[in-house]
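First the structure, in the form of structure tokens, and then the observations on it.
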């Protein structure tokens, strides 16, 4: 006996029904995402950075007030403060040094699961070279 193969007819969906389906998917997605919304704003629970200076810190703008060929030791000390050390050289000149340390610290927490800290310290110096009563050179290390 011969049977005819079954034919399935596919009817195209109307633009209206496609729009409803897409809207339904969007609504379901928003409803599922809502409980996660508070976590987005709290991805980083806390973060803190702090920089501190110890010693005789000389800021760049303060050092710029010292003029090579003009500034005297008295003026320099009045502007920069008392140096950490003064070294007299054989040629009659002297080098003054201001030492300081920069310490950077940071810490943070992520979702109450991860917690971390880091810190670093770096020593620096500012130098002023005097000869014949005036500054002949200034620099930082």
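The values are calculated or read from the model by the stated rules, or taken from the named source; none is laboratory data. None of the values given here were measured: they were computed from a predicted structure. Positions of Cβ are backbone-derived with ideal geometry, glycine not excepted, and every protein chain shown enters the neighbour counts.
Can you tell me how many residues in segment 47-106 are assigned to a strand (DSSP E or B) and farther than 13 Å from residue 139 by Cα?
So the count comes out to 21.
Just checking, does segment 95-108 include any residue being modelled with pLDDT of 65 or more and loosely packed, with under 11 Cβ neighbours inside 10 Å?
No, that holds for no residue.
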